[in-house]
Amino acid sequence: MPLTLVPTPIGNLEDITLRALRVLREADLIACEDTRTSRILLRHYNIKKSLTSFHVHNENEKLEFLLEKLRAGEKIAVISDAGTPGISDPGWILLKRAIDEKISVDVLPGASAVIPAVLMSGIKPQPFIFLGFPPEKSGERKKLLNDVKNFPFTLCFYMSPHKAEKQLADFIEILGDRRAALVREISKIFQESVRENLSEIISRLHDGLKGELVLVIEGQEENFADSSWRDEARKLFDGGSSVKDVVKIIEEKYKIPRNKIKKSLQ
């Protein structure tokens, strides 16, 4: 296959398939995020191939160089520093261009942090939605969270350790203090799953929780079974509050959809 996206281990170097190793050995060129990181893996499996850097800062300028080689019939394997390229790592732009030009492509199954994190969270694994890294700007981040706050799906995010504490404050503001899990260092020596409410996870981060992080948060559906918001809504309404006021109070406090609150008062 001319172009193949190859997953690499996210921690333990044994987490790679035999097929992935064969594709890397057969490649004419390996495009990778950091040649120093990739050489550790390739050296471990005695793979000696030409490498070229292909990362978020040079992805566009390297695109034509790699496409020319594909057009010439060379086999190119794309890898990231860890996990499956093309999701939150470089690779998708090249893959899309190759598909548009009718160049044969393949994506191998393999290591990814998302599935292990969802399962280790102890939160309902399906359906879930993967949202990548949260937006850098608070306004954009809050907009995204508002868009998904009523989803009855488990929410999954990648997070940078030095940004997580600040970002989680927005999560609590928009989503409420939901049950969640912060899974870190998957497949590494210090692998850990912190299963707490979001507020307690922030406290752990403040104490210096480090490493590669995946945040898994329960979907809104989990909160619908909680009768406390229904009881509070009924008390407010029976006490003389208008439907409009009740909806506003309950929506802000519990993040419950407006129509569901109105229906409960009928």
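The values are calculated or read from the model by the stated rules, or taken from the named source; none is laboratory data. Owing to the predicted nature of the structure, the values given are computational and were not obtained by experimental measurement. Note that we place each Cβ from the backbone using ideal geometry, even for glycine, and neighbour counts take in every protein chain shown.
Numbers at a glance
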| item | result |
| --- | --- |
| Given (1) small (Gly, Ala, Ser); (2) under 28 Å from residue 87 (Cα atoms); (3) modelled with pLDDT under 85, number of the condition residue 225 does not satisfy | (2) |
| Scope segment 160-177; condition within 14 Å of the chain's Cα centre (by Cα) and either assigned to a loop (DSSP other than H, G, I, E, B) or outside the structural domain of residue 120 (by TED's automatic domain parsing) (or both); matching residues | 160, 161 |
| Selected residue (only one of 86, 91, 122 is surrounded by 12 or more Cβ atoms within 10 Å (Cβ to Cβ), assigned by TED's automatic domain parsing to the domain that holds residue 151 and not charged (D, E, K, R)) | 122 |
| Qualifying residues in segment 178-206 (those that are of a type outside the set (Val, Ile, Thr) and part of a helix (DSSP H, G or I)) - the one modelled with the lowest pLDDT | 206 |
| Among (1) out of contact with any Pro (no Cβ under 8 Å at 6 or more places or on another chain); (2) closer than 27 Å to residue 260 by Cβ; (3) touching a residue at least 40 places away in the same chain (Cβ under 8 Å) - the single one residue 153 does not satisfy | (1) |
| Among the residues listed as 77, 20, 27, the single one being small (Gly, Ala, Ser), farther than 18 Å from residue 188 by Cα, modelled with pLDDT of 95 or more and in contact with a Pro (Cβ under 7 Å, 6 or more places away or on another chain) | 20 |
| Pairs, first without any contact (Cβ under 8 Å) to a residue 40 or more places away in the chain in segment 111-125, second buried (at least 17 other Cβ atoms within 10 Å of the Cβ), C-beta under 8 Å, six or more apart | 125/118; 125/154 |
| Residue check for residue 192: surrounded by fewer than 19 Cβ atoms within 10 Å (Cβ to Cβ) and closer than 26 Å to residue 253 by Cα | no |
| Qualifying residue in segment 78-87 (condition: out of contact with any helix residue (DSSP H, G or I) (no Cβ under 9 Å at 6 or more places or on another chain) and without any contact (Cβ under 8 Å) to a residue 60 or more places away in the chain) | no |
| Segment 1-24 residues that are farther than 27 Å from residue 183 by Cβ, paired with ones that are charged (D, E, K, R) and outside any loop (DSSP other than H, G, I, E, B) (beta carbon under 8 Å, 6 or more apart) | 1/106; 3/106; 4/106 |
| Filter result (within 18 Å of residue 8 (Cα to Cα) and surrounded by 14 or more Cβ atoms within 10 Å (Cβ to Cβ)) within segment 40-74 | 41, 42, 47, 49, 51, 52, 53, 54, 55 |
| Pairs, first in contact (Cβ under 8 Å) with a residue 40 or more places away in the chain and in the same structural domain as residue 17 (by TED's automatic domain parsing) in segment 32-52, second part of a loop (DSSP other than H, G, I, E, B) and not polar (S, T, N, Q), C-beta under 6 Å, six or more apart | 32/79; 33/55; 33/81; 34/81; 37/81 |
| Qualifying residue in segment 143-158 (condition: among the basic types (Lys, Arg) and either within 21 Å of residue 11 (Cα to Cα) or at pLDDT below 85 (or both)) | no |
